[in-house]
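Student: Pasting a structure below so you can have a look.
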Amino acid sequence: MNILPRQRYIDQIEKYLGKDYIIVLVGQRRVGKSYTLKMIRSIKEEDDNNNIIYVDKEKEQFDFIHNYQDLNEYIKSKWVKGKMNYILVDEIQDIEMFERTVRSFCTEPDAEVIVTGSNAKMLSSDLSTLIGGRYKEIYIQSLSYEEFLQFHKLQDSDDSLAKYIQYGGLPGLVKIGLDEDDTREYQKDIYNTVLLKDVILRNKIRNVVFLENLTRFLADNIGKIISATSIAKYMKSQGQSITASTIIEYIKYISEAYILHKVNRYDIHGKKLFDSNDKFYFEDHGLRNALVGGNREGDIEKILENIIYQQLIRMGYEVTVGQLQAGEIDFVCSKKGGKRFYVQASYIIADEETYKREFGNLASIKDNYPKYVISMTPLVTKSDDNGLTHLGLRTFLMMDEL
């Protein structure tokens, strides 16, 4: 099968090559890190001055590499003097004390190191402790809507958008097809693999039943402001007595595996972040849909909010939840340099009451930053009303930035 390039990630990698950085591709398993690494391998193999040293820890042939000593020996056995040696290691967190190898070879003048990992803790503790700021993290997400169209050879249409809303953006679906039963089976298999390898085994979790129930609870409540205390109360009503501190710990583990994103609240008027009561979104909304089951008619607004959040992250914005005294703004988005704007997500604005609710909160923010409502309202592509911009979801999802 041909590898479909995800050019935005290739460009980011190329940007940091030759600058003495270790490049770390991070993200949930099966979102495309391995294929991005293979794409880089294919590009670099075209130059005879390069030597590729490739390790894929998900392949049986590399089972003999258990620790950094094994990895060192393998790299040395494949090293070619006089060439640029590209050390590419897929799922490097499965190698014990891998950071020692990375630190050693990143100082070589004729080496470039690119690795992938499926756990954020790999960077926050294992890697950053030894190499400090000498690495660049590139976050690989599941497919955008535009990539979904490319991978599945679809035209931009309401029907294609409906498929994206239903099935999400795991790249592996291109081999499975967009059949309901096959897709859900594949997504559940991915979920079980991620939960087992990157959460349960890595963190030695014993209460697996609670972990699974917690993940499903968060899947069913994406986009809602919730706290560990409120979750504990709910779980108690379901016959499970779990402390808030344990819930916080488990949410941290799920987030470190990139299954889940925790989004803080931001006090727009007070200009400060709140310490508790957050929103949660899934890395891939299709995987989330597989967890909760059913169709999307009952939770379409949750899914749209999840999709919009991920697209804003994809555009490179830092995203928080906006808090006003009189209500809530779905997203406050910012970038370095002072750029900021506000986004309200809605399904369909079909009456005056919905219009006042969605546009009214934005209008109450008395500053000059741009303000957007994004919805699936029929026939809306882009319109402006007293400084408030209404964007159609399909239009938004085909944009590179706001």
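Student: Which residues, counting only those in region 230-242, are open to solvent by 70 Å² or more (accessible area, probe 1.4 Å) and under 23 Å from Arg265 (Cβ atoms)?
Tutor: Lys233, Tyr234
Student: Here are the criteria: (1) under 18 Å from the mean Cα position of the chain (by Cα); (2) at pLDDT below 95; (3) surrounded by fewer than 18 Cβ atoms within 10 Å (Cβ to Cβ). Tell me which single one Asn192 does not satisfy.
Tutor: Checking Asn192 against (1) under 18 Å from the mean Cα position of the chain (by Cα); (2) at pLDDT below 95; (3) surrounded by fewer than 18 Cβ atoms within 10 Å (Cβ to Cβ), the one that fails is (2).
Student: Let me spell it out: the conditions are (1) on the phi < 0 side of the Ramachandran plot; (2) open to solvent by 20 Å² or more (accessible area, probe 1.4 Å), and Phe282 meets all of them except one. Which number is the exception?
Tutor: Of the numbered conditions (1) on the phi < 0 side of the Ramachandran plot; (2) open to solvent by 20 Å² or more (accessible area, probe 1.4 Å), the odd one out for Phe282 is (2).
Student: I've got another one for you. Consider region 152-186. How many of its residues are closer than 20 Å to Leu291 by Cα and not in a helix (DSSP H, G or I)?
Tutor: 8
Student: Quickly run through region 102-150 and pick out the residues that are outside any strand (DSSP E or B), at pLDDT 95 or above and hydrophobic (A, V, I, L, M, F, W, C).
Tutor: Within region 102-150, Ile140, Leu143, Phe148, Leu149 meet the criteria.
Student: What residue, among those in region 284-314 that are part of a loop (DSSP other than H, G, I, E, B) and either among the β-branched types (Val, Ile, Thr) or modelled with pLDDT under 95 (or both), is nearest to Ile190 (Cα to Cα)?
Tutor: In this case the residue turns out to be Gly293.
Student: Okay, moving on. Is there a residue being open to solvent by 20 Å² or more (accessible area, probe 1.4 Å) and among the aromatic types (Phe, Trp, Tyr) anywhere in region 318-336?
Tutor: No: zero hits.
Student: Does region 208-229 contain any residue that is assigned to a loop (DSSP other than H, G, I, E, B), more than 15 Å from Ile251 (Cα to Cα) and open to solvent by less than 30 Å² (accessible area, probe 1.4 Å)?
Tutor: yes
Student: Moving on to the next point. Filter region 381-397 down to the residues that are free of Cβ contacts under 8 Å to residues at least 40 places away in the same chain, outside any strand (DSSP E or B) and open to solvent by less than 40 Å² (accessible area, probe 1.4 Å) and list them by number.
Tutor: None; the set is empty.
Student: Check region 82-95 and report whether any residue there is open to solvent by 70 Å² or more (accessible area, probe 1.4 Å) and at pLDDT 95 or above.
Tutor: Among the residues of region 82-95, at least one is open to solvent by 70 Å² or more (accessible area, probe 1.4 Å) and at pLDDT 95 or above, which makes the answer yes.
Student: Can you tell me which residue among Ile140, Ile131, Ile190 is touching a residue at least 40 places away in the same chain (Cβ under 8 Å), over 19 Å from Leu287 (Cβ atoms) and aliphatic (A, V, I, L, M)?
Tutor: Just one listed residue meets the conditions, Ile131.
Student: So for region 355-365 (the condition being touching a strand residue (DSSP E or B) at 6+ places or on another chain (Cβ under 8 Å) and free of Cβ contacts under 8 Å to residues at least 24 places away in the same chain), does at least one residue qualify? Write out each step before concluding.
Tutor: Going through region 355-365, the residues touching a strand residue (DSSP E or B) at 6+ places or on another chain (Cβ under 8 Å) turn out to be 358-359, 361-363, 365.
Narrowing further to those that are free of Cβ contacts under 8 Å to residues at least 24 places away in the same chain: 358.
There is at least one residue in region 355-365 that is touching a strand residue (DSSP E or B) at 6+ places or on another chain (Cβ under 8 Å) and free of Cβ contacts under 8 Å to residues at least 24 places away in the same chain.
The values are calculated or read from the model by the stated rules, or taken from the named source; none is laboratory data. Here the structure is a predicted model, which is why all the values come from computation and not from measurement. Quick reminder, even Gly has a Cβ in these numbers, built from the backbone with ideal geometry, and neighbours come from all protein chains shown. When the accessible area is computed, the model is the full protein with side chains, heavy atoms only, and any ligands, DNA or RNA have been set aside. Shrake-Rupley method; radii C 1.70, N 1.55, O 1.52, S 1.80 Å.
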